[in-house]
Every structure is written in structure tokens, then in C-alpha cells.
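The values are calculated or read from the model by the stated rules, or taken from the named source; none is laboratory data. Everything numeric in this text was worked out from a predicted model, so none of it was measured. Every residue, glycine as well, gets a Cβ built from its backbone with ideal geometry; the counts of neighbours run over all protein chains shown. Surface areas here come from the heavy atoms of the whole protein model, side chains and all, with no ligands, DNA or RNA. Shrake-Rupley method; radii C 1.70, N 1.55, O 1.52, S 1.80 Å.
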Amino acid sequence: MLAYIVRRLALLPAMWLAVTLMIFLMLEPLGPYQKLALFLDNNPEMAVPANKLSEEQLQRVFDKHGLNDPFYVQYGKWLSEVLRFNFGWSTTAQAPVMEALISRLPATIELTMLSIGPLIFLAIWMGVKSAVHQNRWIDHATRFIAITGFSLPSFVFAIFVLVIFYGWLDWFPPGRLSLWADQVVFSDSFTRFTGMNLVDTLLNGRFDIFVDAIRHLVLPVISLSYLSWAALLRVTRSSMLETLKQDYITTARAKGLTETSVIHKHARRNALIPVLTLSGFVIVGLLTGVFIIETIFNYRGVGFWAVDAALSFDVPAVIGITLFTATLIVLANLIVDIFYTVVDPRVRYD
Amino acid sequence: MGRQGWYLPLLLMLVLLVAGCGNQTETNQNNNQDDQTSTSTTETEDSTNSTTTETPSTDTSTDTSSTDNTTSETPSTDTSTASNVEIKNPDTLVLVNTTIPITSLDPAYSYNAGSGAMIFNIMETLIFFDGEHTDKFIPMLSTEVPTMENGLISEDSLTYTFPIRMGTTFHEGPVSDADGNVIPGSGELTPEDVTYSMHRLILTDRAGGPNWMMIEPILGLSSVKDLGEQIEGVEVEALTDLSTETLLAICEQVKEAIYSDGNNVVFKLDTPFSPFLQVVVGYWASVLDKEWVMAEILDADGNVDKKAGWDGSCSSWQNYYDPQVEDSALFDKANGTGPYKLERWRREEEVFLKVNEDYWRGRPANLNVSYQASSEMATRLLMMSQGDADIIAVPVANQDQIFPLVDEGLVTMYEKLPTGTGYFWTFNQKVNPNNNDYIGSGELDGDGVPPDFFSDVDVRKAFGYAFVWETYWSDVINGEGIRMPGPIHSEVFGANPDQMVYDVDLEKLEEHLKKAWDGELWEKGFKLIVPYVSGGQAVKLTTEIMAKSFETINPKFQLIPQDFQRSKLVQDSNTGQIPFDYNGWGEDYHDPHNWAFPILHSLGNYARNMNIDPEIQAQLDDIIIRARSELDLEKREALYHELQRITFDEAIIITMEEWTRRRFMRSWMQGYVHNSGYPSYYYWHFDKAES
Amino acid sequence: MTELYKRPSVWQRLKKNPIALLSLFLLFFFVVVVFAAPWLAPPERACPSPIYYIVPDWFFALFDHDLPCKPHQIPRDGFKIPPIPPNLDAWKTFPPDWKLHPLGTTENRYDIWYGLVWGTRTALAAGALIVFFSFLIGLTMGGLSGYFGRWIDSVIMRLVDFMIAMPGFLATLVLVSVLGRGLDKIIFASIVFGWTNYARLIRGDILSIREREYIHASRALGASHTRLLFKHVIPNMIYPALILASLDIGSVVLGLSALSFLGLGSGEDYADWGQMIALARNRIAGVVGGSAFEFWYTYVFPGAAIFLFVLAWNLLGDTVRDVLDPRQKNKKRA
């Protein structure tokens, strides 16, 4: 088992290389003039058009960034910088990529952590419930909600709740904090320990800001978890149904075991195998959701930044974010694989 | 119930709790706002009193939130409608833009209105615009505005003298050296601070930076490298190829041109340059505290908070030449004499400017400024209607949504505000035919155009007569803009408002199409691709308007808008492939030279890629250079009128609109002053009060 | 023989299930719209050959084919910006005249009726294409990997890890921001990065199935790989995989619309539901100070179209799974 984990982790650097090579290869067909757009200001309203640069200045920009160099030289240069933990400068974040990533991460962690708990437990619990009571009202109700959730575009859902709960009712505003709370949090009298508002406000004893932070989190958390939750629930249900029809369940029932014992001891465990496969999918779904949800709720985390960077051709940031998410997903999938062996002892990795 | 079963009720409770909290805070917050307004009436009457907050803990927002717990009587539902009338955040101006468009806070680096918008509120220049006038100045860090009359501009108009307002204090105060002794001259304005700032502006010469504007009048060249080549007498690849002596000589020559003389600072120009005061008034010419820029400043933990900048010596300037944005010591630090101190810049999230209580002009600003970003139009609109935002960015396409708020009186709309931006179409009279995506077959066979399609003046005129200004003005730009009379913006000296411009005329269109290419065009027709950047609606629609005109004459004349990646267009415009291109120019300073040169001079940004007929180009170049140094205003005006006439007769460009903008702010915002020379809002004027 | 017996059985069961009927009806409706599009919303310029109606134009664009007509391009009504509300007069005839805007227009005056009708074709074609190819690749890869294990498994799963580690959404975002926007690029990226989920799911199932007693038993009895794969392994694991795939036509269309919404689609005049919602994006708050739902038609109609389309696929996937369960059939036969 340990050997398996080590083997998987050893593949990480290879993957980093592959991912970055791929992005560089994709950039390769662009000529130096097109790559120039990488170094122009990202806001079209304010950009210095390239033809505002004189011929001499253009050449200077080319030389400075090595835009005329062959592909492998550019990649090599970039790689040697990365080995020194310098991922370059993000024009959208106006900061070094690593620094920008670290400063945005707490916001996204806060959002996803709050979403993932209810998501997983609620989905599994309701999925099992629904399967056990197949074709009863609770099954229909659950499936209805799940299917609606799964069929509704996240951005439409998100903006709808924003209009209702902010525009109409003014309960839950967008952003991360209200202005007054923002001013306190970023003043000298407030220590930002983690960058996660909920934790920091409690540590600083500011319950009023804690409540404010919660108000800003409610809509993004609901929007984010609701959508993946539906998918997870559906798969739990169908896999549970599948399992309940297995012969060994019939045997267990025939043995005279109680229904609770059959479901929780025998059926659920096996039903969770396909669900586990899906949890990797759910993690990706959450990450994808984070991109859209953060953008719509103006919630400044990694996802917001990623969309901004990708749309503004901020390649250093895109590479940085991609590497980060890629690593995250590899680790998550590894954990999922390890869980397999726990849930289903027949699965071995040797 | 399963093992996870306990989780659901818990979760439900949590949801209810949060929803409950939401309601509760709602009540508190609104009461809170009640409190704020009750105090704000007294505050706004005596605005200077209320803003004397020295320590961070007496931040008003902290105060009000601590009074939260005292009252909670009014039901939450009633207040949501009432809240529209209360002034929220009485001592802070909240501006929500689509982005935070700052590249750098270094005045010698940044070259966009977004950075300038912050810099010119924090730092100051020698002179400044007088109210809404773009051609009248008031003294700022100079105690007088140089004129011929007061003798501060020499007879030959080559020497400008600025008496310095000695002792004006910088926000950050004096700087101490390693031993804790205050460095003399730090924290206070001295003539050396001014000369240092100007030398720095010239010598950093960033590619794509504002530096050329000062280089042109002072050195008479377009870059510092050119000066080096002039001294050394050879052409070099890069600045680093120059010898050490040359580098020293460059710096010394710059220092000889701008020097301090007692309490004065003297600028010596290379040739007479009539727009010089317009160059000095720009944010790039902001005055820095030399000792502060030089110093490395540590924070409380002993880490470097601010890097050391150039020490002003001629031996080290090349290390600061053409910097990367992050290498500048002033990238995210700002220290000026202006009405605002930079409290924090949270990159793309927020900029917070705090009132400088010791502002030398007597009255400190009334409101702190929180400049925020939200890309979502709906969010900005809602923030505006809730009163959480005082000013928001509203793109042309969405202005109809905010008009109801204007009608209700909640929002004030300022209309027809001039900006220094103009749009026009340029013709490339001889495109580069290699891999050209725009000219189709590359021949006059109805399935494309020849590379020199636009070298025929009749073709160019036909395009002018195909454009329907009325439709464009009312539909595409929503009435925001006035017709640009020629290459020079109508608000700028030298523009001839009576000059004819091209507008739809189907008869003339037909006539010119028949004449063009000796009638061959009329028989064969053409097909031309007009590129636009994905999302660039105005270009696409203008093309469609013109295309419709051509189509009414004959469907053989095809003008097709097509979207391309921005990076692709950057490339193709630089390699001269785009035959018919939509362009906009935002002026750097308010002078006809800043319009005529880039658009029509053979070295200018646009004409460079237009391949105008050499004879006409020579004529244009001559007029532009003569007009630059012409001091007699009447003669100068005549020259620019001539330029404008040629542009029309030869149909060198087709002018579109000068952008006039609408601005929207809550009606409690008082004192707005618009000046098209400002990069953005000058917050010092603003106040919040019920009208 | 069994094949002949199965088919009526499935249909009988589906017929009894109201949800299945509803979803089938919905899907039938969408298919009708796809084929009747030239009649429901005739393009401004008639196409010389029916092929241009049937094959989406981005497909021709792949071959640099010059198009004589572009039915997928929504015509724009004038150059004004604010949306026009639905016009009930247009409904006096059927099909309604889209030039009168039976469902109103979006921002920038693109007709919603026209966009929805032709957008159905975009959605169905793109969704089916993506799911078909990614499922095919996924089935092959996952099957090989799970069944044979050893080094085949290692190689394929490393490839999968690599692909999965790059979330499809982010990968598409990167690809499109570099290569340029367009539906064809999104579809390509979605297939390239989309098959991994199926591969993992199928492999996971096979891992579990191949350890079951009956597989061990058949292998001990000398069954060939092919026989084992097709007779035992695939029938046992294909159903969960099929659900996911059927779910995915819906979610693929969702994903496409999300990318269009972010501005990576085929341009704002292309008949694409996500694109239409992007055009409504700025209108979703209505007129502030007036009615919050002033521009309801700009997002409700395209939103409903996506919703119903995805819903139909999801409902179908759900019920088909319940009905097609092999063990249930066995029981019945027994």
C-alpha cells in the first residue's frame, strides 16, 4: 500500500512537466507579436495598444521577455525560474503568482469546506433513504429536487438567488464582507491569522463581523453545494438500488437480519464504491463550480482569479492555477483510491 | 436512521440559524444606519470636525458596529424601502468599477487612466487644471504658473522656471537613516525632489510607459537610447551595449536640462514646444520625495516593506532603466503631497484612500475613498440602488436599466461629459499580403480586394459616404458622443468645427464606386473582411451599417465583420495586414500635437501602418512639425486647419465619434467637477449631503 | 431470441412510467424542433441545399468551407441595445413570425424565438457528439485498464490521472483562451478531457466485478478474455456507466452553456442557449428601482430551454436505469 502511494506521488513531478509543456506547446503557434498580448495591460479599456509602442520599444519588449527565442529556450528559462519558486508575474492579480495564489486560497477553502460537508453527508444520507424507499413519496421528492438541481445551469441559479435574496430581500449580499466589516478586518487593530474570515473574526472576538461573513457565504455555499449535491445523490441512489438487488442482500434478509442492519451493514458499504469513484468527479465539480460561483458572487478566491486570468490571457497565472488544481486533484484521487481498499477489501493495489 | 442521520437535523438547524442571523443583523444594520444618519447630519454640517480620526480604533465603522447591540426595535421589512433615502457610509465614498485598472502606482511607470486615477489623488504635480478647464492652470507645488507675462517662460520659450512651494509635507513624513537620524530634506518638498522626479521620469524610459512625453520636449528625441546613440555616434541593439561613459553622459545631459536654482526648478527645452505645460500637468510628472524613494524601509518585523529606489546618481541609473512592473520600488507604494494617503491597495479587489488631514491647500478632503471592483452589472446596479455604492460604472449597453433610478431622483446623471478620446477608421493603402486573412483572393475579382485597394482615393471616399452617422449615434453609441471633426479632437485647440465630415450619401457613394479603379471595381465588386476583437460590438455594428449602404447599391460590394482574438489583431496590425481598421486614441495631454502626430505623422502610431501616398505624407509631416514649434496661436491654428482639410479631401481617415460619457452617482454626492484632463474622479471636490 | 423478447418488455415498462413518458415526450419535442427548425424559424437568406440546415456551420468551418448561408446566426433587429418584450401578435399564426419577436429579443436585439429554435440543434448536436465520443473512448480505456490490470492499467490510469488532474473546465478555458473562442474548440476540448470520468467509473466497476466469484469461476473453467469481457464483465458494469453517460448529455450541454456564458462560445450572434443567457446576464437585475423582473424573458426562455433539455435527459437516464435492471428481468423471467 505504501509503495503504491509513493509510486503515485512520484508521478506528480512528471505530471507537472507534462501540464506545463502542454500549455507551452499550445502557446507555441502564436508568434512573438501575439505573445506580446501577454505583457500588455489586461483591461482593454486602458490597454496600451501594441501600436502605441514604437518599433524600438517593441523590440525591447521582445528581447526582455525572450519572445523571439525558440520554444525550448523559453520553456527552459521559465522552468529554471519555477525551480526557484518563481512562477512569474500575474497581470490580473498584480502580484507574483505564488503570492496571489496564497492570498486567495483561504477564501476558496472557506467556501468549499463549508459546501463539501453538507454536500457529501446530505447526499449520501438522502440517496440511501431514497433508494430504500424506492417509489415512495420521499423518493419522488428527493429525486425531483435532485433532478431539478442537476438540470439548472449554475449561473442562472446563482443569479436568481442573488436577485431574490439581495435585490429583493436584501438578506445576503455578494462579496466577502460588507464595507464596514471590510474596513475593520483590514485595519491595524485586526489580526488576520488565516485569511479565512470565519476563523479570524472568532479569534479576534468580533462576532458582528462573523455574522456578516456568514451572510456573505450563505448564497455561494448553497449555490455551490446544491449543484454537485444533486449529482452525488442521484448516483448514491442508483448504486444503492443496484446493491439492494444483489443476491447477498436477499440472503442477508433471508437470514432474518433487521432491515436497518441489512442496509447499513451490508448494502451501503458496497453501494459507496461507485459513489467513491464519483467523489473525484465531485471534487472537480466543486472546483468548476467555484470558478462560476465565485465570479457571479464577486467572491474573490482562486476561482474568480482563474476565470479572470484565462479570459485576460494571463498565462503565468493560468499555469500556476492549473498546476495547483492539478496537484490538488491528484492528491484527492489518491485518497479516493485508498478509500476504495477500506470500503471494498477485494480491491487491492499491489 | 443511519450513522449520518444525525447530520441532517443539525444541518437544518444551522441553516435556520443562519437565516435567522441574517434577519437579525438586518435589523441591527438598519438601526445602525439610522444611527449613522442621525450623526451624519451633524457631521456633514461640520465636515472637517468629523474626519479628525488619528488612531485606527476610532474608525467610524468600528464605532457604529459596537453600538449594534443597544437597539433592535424596528422590524426589518420596513427599513429596506426606507434605506434608500439614508446616506450610507457618510464619511466614505464607495465607487464600484468593473475592475481595479491599476498597473502600477509608480508615476514614471504607469501609462493608463486607471493608474493615473489613483496617482493624481495621492501625488501632485507642479501645476494643476483649474476646475473644469483643460487649458487653464493653477499653481500646485509650484507657487506660480509660468507664462510669458510673468517672465517664467523665457523669450525664446526654451526655458521654463517653476518657483517651488517649499516645505510642503509628504504623507509618510521624514525618513531616518540606519542610525535613526532624520535625513535632511526628507518628508518635505525641496527643489531637489522635483528635479529628481523629472530625471527619474526621463531615465526610466519604459517601453510602453509615459516617459516619452517628457523625453520629446527635453531631449528632442523619442527615447533615452536615441540620446546614447547620438552621443556615441553608432546605432546599438540595446542600452546595455553603450559604454559606461556614454551612460554617464546621458544622465548628465538630462541633469543639465532640468536643474534646481535656489528655490526654483528650471526646465531647458530642446526646441520650442508649445504643449509643454500640458506635459507637466500630467500624473506622470508627479513629484516624489527623493529621500523616501531612495530609502529601503523596513516594517515592524524587520522585513523589507519598501525596496530602495534609484539614488539619483548618474552611475546607477541604468539599473532602473525600463523596469519590470514588480521591480519598481513604487509599484505598490505611494507617498505624495496630495489630498489622499494610500491606505491599502488590495490588488484587484479594493483601493482605500484615506483623507490627508494635513493637506496644504487648507481644506482636507471630506470623504475617504473605497474604490472597489465588481464585474457583474447586476451587482453594481443593486449596490447602487441599496446605497452601498455611491458611484458605479455603467456601460453604454446597460444605461437604460439605471434610468428609472435617475427618474426617481436617487441617482444623478451627468451627461455629455467630454473625454479626450476619439474614434476613427484608418485605411492601410498597401497591406502586407502574406498570410493575409482580410483581403480574400487578394485581387480585384469580386472575391477579395487587391493589397493596395485603398490607394485609390475614390474607394476611401466611398467608404466615407457609406457610413450612417445618425444610426450609429442613436443606436450603437446610445447618443454618447459627438462627431469628431477631423484628426484633432473638437475640444482641443486647432480643431476646425466647420470642417465637413463624411456622412451617408448614396449618390456620391455610387459615383465614387463607379470612378474607382477606372470602373473596374464597379463591375467586379469586392469582398473585404473587417476584423474586430471578440466582444467589440461597436466595430461590428459600424461595419454592418456600412455594409448595408454598400448592399443597397449592389450586393456585389461585400463588407464582412469577423471576430478575431485580440492577440491575433495585435500581431496583424503591427505587421500591417489590416486594410480597414477601427482605432481609438485617448489623448495623453490636451494639445493638437498629441492628436496630429500619432494619427498622421509618418512616425506616428497609426500613420506608420497606413502607407499614405509619399507626397501627401511629406506634406502632412511638414505641417505637423511646423505646428509643434509655432508659438503664434493664429498661425498654429491655421496649420492645423490645413491638416484637417487635407485629411478630409484625401479621405485619409474616416472620423467617428468623440466619446462623451455619462456618469452616474447617488444624488447625495455633491461637488462633482468634471475635467477631461483628469484621468478619473478628483475626490477632493466631493461631499455627501442630501440635495 | 432473448433480444426479441427484451425489446417489448422495456417499452412496456417505460410506457407505464409517467416520468419516462414525460422525458421521452420532451426529447421527442426537441428532436422535432431540430428537424423542423427551417420551418419554425426560416433564416433570412434561404439555403441552396438542405445540407446547410442539417449540419451545423461550425462543422463546415472545420474544413474552411465558405458558407452560402448561416442559419445558426441569429439575425439582429436594428442596432439598438435594450431588449424588446415578447409580442403576442406574432402568435396569431403558427409558426409565429420571428421577425415580430414572439418571445422578445435579448440584449442587442437578437430574436429569442429564432435563437431557441436553432439553439436546440446546436445543443443536441454538440451534446451527442461529445458524449458519444467520450463514452466510446472511456469505455475502451476503462475496460482495458480494469480488466487486464498490470501495466496496461498503470499506463492508462497514469494518462487518466494526467487528464483528470486538469479539470475539463479549466482545460477548456486554457485551450480556448489561447486558440481562440468557438464551439468547435470547446467540443474538441470537451471530448479530449471528458472521457476520463467514464474510464475511471468503468474501471472501478470492473475492478470490483472481476473479483466476484462467478468471474473467478468462469476463468477457472477456461473462458476466454473476449467471452469474459463481453458475456460477464461488460453487461454487469455497463448500466451505472450508461446512467452517467445519459446524465452527461444534459450536463455536457450545461457545461457548454457555462463556457458560452463566460464568453468562450461561438460569438454572441450564434444560436447557442448559453450564449443567449450571457446576453441576459446584465439584465438579470431588471430595472433597479422599477420591476426586478422587467427583462424576465431574456433569461427565463433560454434558461427554461436548457433546463428542460437537461431535465429530459436526466429523467430518462434515471428511469431507464430502473427499468433496464438486469436482475429484475431475470426475476420476472424466472
### Message
Regarding region B:469-490, can at least one residue be identified that is part of a loop (DSSP other than H, G, I, E, B), under 23 Å from residue B:569 (Cβ atoms) and at pLDDT 90 or above?
### Response
yes
### Task
Of all residues in region B:85-94, count the ones that are open to solvent by 10 Å² or more (accessible area, probe 1.4 Å) and either more than 9 Å from chain A (Cβ to nearest Cβ) or in contact with a Lys or Arg (Cβ under 6 Å, 6 or more places away or on another chain) (or both).
5
### Summary
Okay, helices (runs of 4 or more DSSP H) sitting entirely in region C:202-298 with 1 or more residues that are modelled with pLDDT under 75 and open to solvent by 10 Å² or more (accessible area, probe 1.4 Å), I get C:213-220, C:234-261
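I'd like to check which helices (runs of 4 or more DSSP H) are fully inside region B:590-652 and have at least 1 residues that are in contact with a helix residue (DSSP H, G or I) (Cβ under 7 Å, 6 or more places away or on another chain) and of a type in the set (D, E, K, R). Write out each step before concluding.
Numbers: elements: B:593-600, B:614-629, B:633-649.
Because the criterion is at least 1 residues that are in contact with a helix residue (DSSP H, G or I) (Cβ under 7 Å, 6 or more places away or on another chain) and of a type in the set (D, E, K, R), the helices (runs of 4 or more DSSP H) in region B:590-652 that meet it are B:614-629, B:633-649.
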### Summary
Within region B:562-604, the count of residues that are surrounded by fewer than 20 Cβ atoms within 10 Å (Cβ to Cβ), away from chain A (no Cβ under 12 Å) and in contact (Cβ under 8 Å) with a residue 24 or more places away in the chain comes to 1
### Of all residues making up region A:297-333, the number that are assigned to a helix (DSSP H, G or I) and either more than 9 Å from chain C (Cβ to nearest Cβ) or touching a His at 6+ places or on another chain (Cβ under 8 Å) (or both)
12
### Query
For region B:388-427, how many residues meet the condition of being over 27 Å from the mean Cα position of the chain (by Cα) and open to solvent by less than 10 Å² (accessible area, probe 1.4 Å)?
1
### Task
Answer yes if at least one residue in region B:225-239 is outside any strand (DSSP E or B), crowded, with 16+ Cβ neighbours inside 10 Å and touching a strand residue (DSSP E or B) at 6+ places or on another chain (Cβ under 8 Å), and no otherwise.
no
### Message
Can you tell me which residue is farthest from the other protein chains (Cβ to nearest Cβ) among those in region C:66-91 that are open to solvent by 80 Å² or more (accessible area, probe 1.4 Å) and modelled with pLDDT under 85?
### Response
C:70
### Query
So residue B:250 fits all but one of (1) over 28 Å from the mean Cα position of the chain (by Cα); (2) open to solvent by less than 10 Å² (accessible area, probe 1.4 Å); (3) without any contact (Cβ under 8 Å) to a residue 40 or more places away in the chain; what number is the exception?
(3)
## Note on the structure
Sole miss for residue B:487 among (1) open to solvent by 20 Å² or more (accessible area, probe 1.4 Å); (2) within 30 Å of residue B:415 (Cα to Cα); (3) touching a helix residue (DSSP H, G or I) at 6+ places or on another chain (Cβ under 6 Å) is condition (1)
### Query
Can you find even one residue in region C:93-111 that is open to solvent by 40 Å² or more (accessible area, probe 1.4 Å), closer than 30 Å to residue A:306 by Cα and in contact (Cβ under 8 Å) with a residue 12 or more places away in the chain?
no
### Task
Please enumerate the residues belonging to region B:352-367 that are touching a helix residue (DSSP H, G or I) at 6+ places or on another chain (Cβ under 9 Å) and within 11 Å of another protein chain (Cβ to nearest Cβ).
B:352
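Conditions tested, residue by residue: (1) within 25 Å of residue B:411 (Cα to Cα); (2) within 14 Å of chain A (Cβ to nearest Cβ); (3) in contact with a helix residue (DSSP H, G or I) (Cβ under 6 Å, 6 or more places away or on another chain); (4) open to solvent by less than 30 Å² (accessible area, probe 1.4 Å).
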| residue | (1), (2), (3), (4) |
| --- | --- |
| B:96 | yes, yes, yes, yes |
| B:103 | no, yes, yes, yes |
| B:110 | no, yes, no, yes |
| B:115 | no, yes, no, yes |
| B:120 | no, no, yes, yes |
| B:134 | no, no, no, yes |
| B:139 | no, no, no, no |
## Note on the structure
residue B:518 meets each of (1) in contact with a Lys or Arg (Cβ under 7 Å, 6 or more places away or on another chain); (2) at positive phi with one exception, condition (1)
#### Entry: Yes/no for residue A:270 being within 9 Å of another protein chain (Cβ to nearest Cβ) and part of a helix (DSSP H, G or I)
yes
### Query
Of all residues in region A:96-115, which are within 13 Å of chain B (Cβ to nearest Cβ) and β-branched (Val, Ile, Thr)?
A:97, A:102
## Note on the structure
Given the conditions (1) within 20 Å of residue C:256 (Cα to Cα); (2) within 14 Å of chain A (Cβ to nearest Cβ); (3) more than 12 Å from the chain's Cα centre (by Cα), every one holds for residue C:123 apart from (3)
### Message
Consider region B:103-155. How many of its residues are aromatic (Phe, Trp, Tyr), farther than 25 Å from residue B:365 by Cβ and in contact with a Leu (Cβ under 8 Å, 6 or more places away or on another chain)?
### Response
1
### Task
State which residue is surrounded by the most Cβ atoms within 10 Å (Cβ to Cβ) when the search covers only region B:188-197 and only residues that are assigned to a helix (DSSP H, G or I) and charged (D, E, K, R).
B:193
## Note on the structure
Residue hits (region C:112-125; open to solvent by 10 Å² or more (accessible area, probe 1.4 Å), closer than 17 Å to residue C:266 by Cα and touching a Pro at 6+ places or on another chain (Cβ under 7 Å)) are C:116, C:121, C:125
### Query
List the pairs whose first member sits in region B:445-461 and is polar (S, T, N, Q), whose second member is surrounded by fewer than 20 Cβ atoms within 10 Å (Cβ to Cβ) and in a loop (DSSP other than H, G, I, E, B), and whose Cβ atoms are under 8 Å apart, counting only residues at least 6 apart or on separate chains?
B:455/B:430; B:455/B:613
### Message
Residues that are within 13 Å of chain B (Cβ to nearest Cβ) and open to solvent by 10 Å² or more (accessible area, probe 1.4 Å): list the helices (runs of 4 or more DSSP H) wholly contained in region A:177-259 that include at least 1 such residues.
### Response
A:179-185, A:197-203, A:207-244
### Summary
Counted residues in region B:198-217 being more than 12 Å from chain A (Cβ to nearest Cβ) and either within 11 Å of residue B:322 (Cα to Cα) or open to solvent by 10 Å² or more (accessible area, probe 1.4 Å) (or both) come to 6
